[in-house]
């Protein structure tokens, strides 16, 4: 197969992604309908992995970001769910036995206050590393 015919698409992200140095979590929605471990974060949004028994639809909501150590808790950051997808299981046996599904949720921060922007920047500079 000739790979030279596959177009190389430009990076669409405007912000550099960072990876947490320790367990950091996101809780989405007023009733924490989705809670999971942050995979990566940027000034523009984050991706987190969570486990769900059923699909829930979230659109324009808020997210809380926190560490299990209690050192950080960023409250009510307005956001929009950009993408939410299931993570493929490795084997047919895993798919058949698994009642819960692992999912990745991509969110974009929207309409943050200056204080929230500073909190996100501080979180990134203190608790993450670059790729």
**Complete:** Only one of 19, 48 is crowded, with 16+ Cβ neighbours inside 10 Å, out of contact with any helix residue (DSSP H, G or I) (no Cβ under 8 Å at 6 or more places or on another chain) and at pLDDT 95 or above, namely 48
**Prompt:** In the range 117-131, which residues are part of a helix (DSSP H, G or I), within 15 Å of residue 15 (Cβ to Cβ) and in contact (Cβ under 8 Å) with a residue 40 or more places away in the chain?
**Reply:** 117, 120, 121, 123, 124
**Complete:** With criteria (1) modelled with pLDDT under 95; (2) assigned to a strand (DSSP E or B); (3) farther than 18 Å from residue 18 by Cα, residue 89 comes up short on (2)
**Item:** Residue among 121, 71 that is exposed (fewer than 14 other Cβ atoms within 10 Å of the Cβ) and at pLDDT 95 or above
**Value:** 121
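The values are calculated or read from the model by the stated rules, or taken from the named source; none is laboratory data. Since this is a predicted model, take the numbers as computed values, not measurements. Don't worry about glycine lacking a Cβ; one is built from the backbone with ideal geometry, like all the others, and counts go over all protein chains shown.
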